[in-house]
Amino acid sequence: MVAITEAVSLDKHGEIGMLWIDNPPVNALGHSVRKGLAEGIEQAEKDDQIRAVVVICKGRTFCAGADIREFGKPPKAPHLPDVLNRFDQCQKPIIAAIHGTAFGGGLETALSSHFRVAVASARFGLPEVKLGLLPGAGGTQRLPRLIGPEKALAMITSGNPIGADKALEDGLIHEIIDGDLAEGAVGFANQVLSENRPMVRVRDMTEKIAQPDSQIFDDFRKQLARRARGFEAPQACVDAVEAAVAKPFEDGLAYERQRFEQLMNGSQSAAQRYYFFAERQVARIPDVPKDTATMDIKKVGVIGAGTMGGGITMNFVNAGIAVTLVEAKQELLDRGLGVIRKNYDISASKGKIAAEDVDKRMDLITGTTRMEDLADADLVIEAVYENMNLKKEIFSKLDKICKDGAILATNTSYLDVNEIAAQTSRPESVLGLHFFSPANVMRLLEIVRAEKTTIPVLATAMEIAKKIKKIAVVVGVCYGFAGNRMFAQRKRECEKLILEGALPAQVDRVIYDFGFPMGPFALADLIGIDLGWDKDNSNSRTMQEVLCEQGRFGQKNGKGYYNYEQGSRAPTPAPEIDALIVEFSRKKGYIRREISDEEILQRCIYPIINEGAKILEEKIAVRPSDLDVIWVNGYGWPVYRGGPMFYADLVGLDKILGGLKKFQAEHGEDFKPAPLLEQLVSEGKTFGSLNA
Ligand code: T1G
């Protein structure tokens, strides 16, 4: 074994050169790998004893892409496209031997090899679009030549991987290797030599791009305009694949490079690369060592078989963990179990799970009306409605019923977890697990760390969150924790804006055009205007009360801020409500005025940022990027804008501060800037500087 660079070495197996890459954790194509590959191919080509070369990786995976950490820094030669051009010129067959995830530049490296073999568990993908990029080392030019433009478009614009079976079926790989990959790859290479198989470069394959159906490009553009509204990269991917069909290879490569650099230098990719690391950073809690001993959660109890309890139950069942579901009344329990089964039946009908899995998963749920049946649970999650007295009563009972060491969690969205913990003799084992509705769909989970929650209990919660595929963000105790506390700022401003002169349609358009999936008033209709409405004391004091008193609860009964055709979720204008708002604001003494889109946007977004700064000052959240992860996953913040704190840095904290001060003078203390924001501006720093 000869070391080429510290990440690449060349070994010989008979007449086969083995080019080993060893760059943990994911063999990213950093400078040392690129340099080693280029020089390794050079050496193998000059070595008369070597007749073919296998490119293979140590560790958990084949190259998982370019090294994202290098982006934004001055690129160091050799650049990946140049390395892969060297592959193209090699006069000896190159075989890529793949395991794990051949993603991005890793798959592009395999595409520049003459042959590709893989173990059955390997996956293949070009996820650059998820980083706001497009494959920048020939992927948009080679993949269509290998599997056809349509399949290439699907892979490149979605960024989703395919498995080895589909890769074999599509012609992406030549063979699936059983047993040891290195041995299998050497056997395959010897076979190539003994059969004198032609060395066909993917770039020379023209059959699958000869007569393309040009309609597919516009079809993809249309569906992406809906599915990926506001994102630049997916459209650029379509353009680059279209260039593969329309231009000679070298010209297509040049076009791809030009579009890649355009995206790389844009704010969307900067935001999406930032988010990639932010989503991994949330798992790092300064005072929680990575190797903290955790509890094994084998049995979970869920109290409450309503929407939240049912969704929470499904998360654990989907991960193969048994759940005891407690509901006070049998008919409510039966209804809850029925909803869960119906959800699984729908998933099975869509092919998301196998039909036989429905019963298997339902068998993991034990329904009961007795809390005593939670005695042997390792973790119990209370998911009853937001009433502190009821929650206290439940935790007091749980404390007597549950075994020593069991973790007791509340799914409360706002309430004081310390107060709930104080109802038990085991506050060290109490925390919040704040799921977002629908709990079986939304990836975000706020883990609410109470004052007395111990580190092993917290670490166990973080571990189980990963097992149920949640993105868990640790937050502290305050009203609304982090996400909802920031959301309340926008909600307040929206309600004021429609009294001051705007109307729901204008506010919703501004927020929708910013990139949210829907505007605040359409969202209110979706969630339910009557959520939290105090029916008995309602007295037309707010628009919520006025609407609820008129029986306008939102989508659930076909009318809210908007009207909804029977069975449709699409909002249609409700002129009667606009008139009602104008009338209501007059009664409240408002003199309505024209409000600009810019003012609406700033008054909806800046207070979110300001509240985030306060949350950081109070150490309710560990770092600004954690708040961005919360907003991207819990509230639909467009990932191509990074999150509220990333966006604030992009706009400029001085501009945010200036805007808040202006609004404070005009609209009062709700806009009083957070001291942390003032401090960062005075020091010329950004929120990003706090993301250690
Ligand atoms: N570059 C640098 N670091 C990376 C990385 C990458 N490409 N991928 C992962 N890591 C780090 C990650 O930050 C974490 O570090 C550790 O590896 C484990 O990752 C030219 C331009 C491969 C499926 O987008 O999808 O190629 O936190 O926690 O869940 O056209 O990582 O331990 O310090 O995610 O097992 C395209 C991104 C790049 C792949 C493994 N490739 N990575 O998942 O572990 S652009 C990607 C992933 C490109 C070319 C273009 C996943 C994974 P730390 P992890 P995992």
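The values are calculated or read from the model by the stated rules, or taken from the named source; none is laboratory data. Computed from a predicted structure; not experimentally measured. Here Cβ is always computed from backbone atoms with ideal geometry, including for glycine, and neighbour counts include all displayed protein chains. Ligands, DNA and RNA are stripped out before the accessible areas are found, and what is left, the full protein with its side chains, is counted by its heavy atoms. Shrake-Rupley method; radii C 1.70, N 1.55, O 1.52, S 1.80 Å.
Summed over the range 179-205, the residues that are outside any helix (DSSP H, G or I), in contact (Cβ under 8 Å) with a residue 40 or more places away in the chain and more than 40 Å from the chain's Cα centre (by Cα) give a count of 2. What is the residue count in the range 547-577 for residues that are open to solvent by 50 Å² or more (accessible area, probe 1.4 Å) and farther than 17 Å from residue 523 by Cβ? Selection size over the range 547-577: 7.
Against the conditions (1) more than 24 Å from residue 640 (Cα to Cα); (2) touching a residue at least 60 places away in the same chain (Cβ under 8 Å); (3) more than 12 Å from the ligand (Cβ to nearest atom), residue 81 satisfies every one except (3). Of all residues in the range 74-81, one or more are of a type in the set (A, V, I, L, M), more than 29 Å from the chain's Cα centre (by Cα), assigned by the TED database to the domain that holds residue 236 and open to solvent by 10 Å² or more (accessible area, probe 1.4 Å). Which of the residues belonging to the range 594-615 are open to solvent by less than 20 Å² (accessible area, probe 1.4 Å) and among the hydrophobic types (A, V, I, L, M, F, W, C)? If the condition is that a residue be open to solvent by less than 20 Å² (accessible area, probe 1.4 Å) and among the hydrophobic types (A, V, I, L, M, F, W, C), then 595, 600, 604, 605, 608, 609, 613, 615 are the ones that fit. Identification of strands (runs of 3 or more DSSP E) wholly contained in the range 99-169 with 2 or more residues that are touching a residue at least 60 places away in the same chain (Cβ under 8 Å) and away from the ligand (no atom under 14 Å from the Cβ) yields 115-119.
Of the residues making up the range 522-541, those that are open to solvent by 60 Å² or more (accessible area, probe 1.4 Å) and modelled with pLDDT of 90 or more are 526, 536, 537, 539, 541. All told, residue 391 meets the bar of being in contact with a Ser or Thr (Cβ under 7 Å, 6 or more places away or on another chain) and in a helix (DSSP H, G or I).
In summary, helices (runs of 4 or more DSSP H) completely within the range 249-368 and bearing 2 or more residues that are charged (D, E, K, R) occur at 249-264, 267-281, 330-349, 355-362. Would you be able to say whether some residue in the range 85-97 is assigned to a helix (DSSP H, G or I), more than 32 Å from the chain's Cα centre (by Cα) and of a type in the set (A, V, I, L, M, F, W, C)? Checked against the condition, which is being assigned to a helix (DSSP H, G or I), more than 32 Å from the chain's Cα centre (by Cα) and of a type in the set (A, V, I, L, M, F, W, C), the range 85-97 yields at least one hit.
The condition (being within 16 Å of the ligand (Cβ to nearest atom), over 30 Å from residue 223 (Cα atoms) and open to solvent by 10 Å² or more (accessible area, probe 1.4 Å)) is satisfied by just one residue among 69, 51: 69. Given the structure, is residue 344 in the same structural domain as residue 446 (by the TED database), aromatic (Phe, Trp, Tyr) and surrounded by 13 or more Cβ atoms within 10 Å (Cβ to Cβ)? Yes; evaluated as a whole, the condition is true for this residue.
Which residue is most open to solvent (accessible area, probe 1.4 Å), if the candidates are limited to the range 310-330 and must be under 21 Å from residue 403 (Cβ atoms) and not polar (S, T, N, Q)? Among them, the one singled out is 322. Residue under question is residue 74, and the condition is that it be closer than 30 Å to residue 193 by Cβ and not aromatic (Phe, Trp, Tyr); does it hold? Against the criterion (closer than 30 Å to residue 193 by Cβ and not aromatic (Phe, Trp, Tyr)), residue 74 does not qualify. Here the range 361-377 is the region considered, the condition is being acidic (Asp, Glu) and touching a strand residue (DSSP E or B) at 6+ places or on another chain (Cβ under 7 Å), and the residue that is most open to solvent (accessible area, probe 1.4 Å) is 376. Could you give me the residue pairs with C-beta distances under 9 Å whose first residue belongs to the range 425-443 and is not assigned by the TED database to the domain that holds residue 471, whose second residue is open to solvent by 30 Å² or more (accessible area, probe 1.4 Å) and among the β-branched types (Val, Ile, Thr) wherever it lies, and which are 6+ apart or on separate chains? Between residues of the range 425-443 that are not assigned by the TED database to the domain that holds residue 471 and residues that are open to solvent by 30 Å² or more (accessible area, probe 1.4 Å) and among the β-branched types (Val, Ile, Thr), there is no close pair.
Yes or no, residue by residue, for (1) of a type in the set (Asp, Glu); (2) farther than 22 Å from residue 271 by Cβ; (3) at pLDDT 95 or above; (4) touching a helix residue (DSSP H, G or I) at 6+ places or on another chain (Cβ under 7 Å):
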residue: 561; (1), (2), (3), (4): no, yes, yes, yes
residue: 566; (1), (2), (3), (4): no, yes, no, no
residue: 575; (1), (2), (3), (4): no, yes, no, no
residue: 599; (1), (2), (3), (4): yes, yes, yes, no
residue: 603; (1), (2), (3), (4): no, yes, yes, yes
residue: 613; (1), (2), (3), (4): no, no, yes, yes
residue: 616; (1), (2), (3), (4): no, no, yes, yes
residue: 626; (1), (2), (3), (4): yes, no, yes, no
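Against the conditions (1) aliphatic (A, V, I, L, M); (2) in contact with a strand residue (DSSP E or B) (Cβ under 6 Å, 6 or more places away or on another chain); (3) open to solvent by less than 40 Å² (accessible area, probe 1.4 Å), residue 3 satisfies every one except (3). Taking the numbered list (1) under 30 Å from residue 431 (Cβ atoms); (2) not assigned by the TED database to the domain that holds residue 378 in turn, residue 495 passes all entries but (1).
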